[in-house]
Amino acid sequence: MPYFVYRVSPNLELRYIDTKDRYQEARALVRSLRQERAPEDDGDYRLIFANQQGEAEKLLSTPRDERVIGED
């Protein structure tokens with residue numbers, strides 16, 4: 001399965017960047033994009049592992065629950 005790279009804005013607007021077959025290539029691309037972004041840019045670059053682009057967009061646009069570490 002390929003790795004999809006997206007720019008995700010705070011309001012969950014997705015912009016497709018690229019697809020990579022290897023994790024190392026996708027990770028390097030995301031890291032370089034994060035380093036090159038402007039300070040006033042409030043979006044983030046995300047890497048997602050999925051069968052196809054539609055599945056990747058669905059996974060990225062679904063809000064994630066906050067992680068609970070341990071019990072209170």
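The values are calculated or read from the model by the stated rules, or taken from the named source; none is laboratory data. This one's a predicted model, so the numbers in the text were calculated from it and none came from an experiment. In this analysis, Cβ positions are derived from the backbone assuming ideal geometry, glycine residues included, and neighbour counts consider all displayed protein chains. For the accessible areas, the whole protein counts, side chains as well, though only heavy atoms, and no ligand, DNA or RNA atoms are used. Shrake-Rupley method; radii C 1.70, N 1.55, O 1.52, S 1.80 Å.
Among the residues of the stretch 31-72, those identified as under 11 Å from V5 (Cβ atoms) and among the hydroxyl-bearing types (S, T, Y) are S32, Y45.
Of all residues being within 29 Å of D21 (Cβ to Cβ) and without any contact (Cβ under 8 Å) to a residue 24 or more places away in the chain in the stretch 47-72, which is most open to solvent (accessible area, probe 1.4 Å)? Just the residue, please. That would be R64. Just so you know, in the stretch 13-46 the residues that are aromatic (F, W, Y) and closer than 18 Å to K58 by Cα include one that is least open to solvent (accessible area, probe 1.4 Å), and it is Y45. A28 meets each of the listed conditions (1) farther than 10 Å from F4 by Cα; (2) modelled with pLDDT under 95 apart from (2).
Taking each residue of the stretch 5-16 that is without any contact (Cβ under 8 Å) to a residue 40 or more places away in the chain and looking for partners that are in a strand (DSSP E or B) and surrounded by fewer than 16 Cβ atoms within 10 Å (Cβ to Cβ) with beta-carbon atoms closer than 7 Å, six or more apart or interchain, yields R7/R15.
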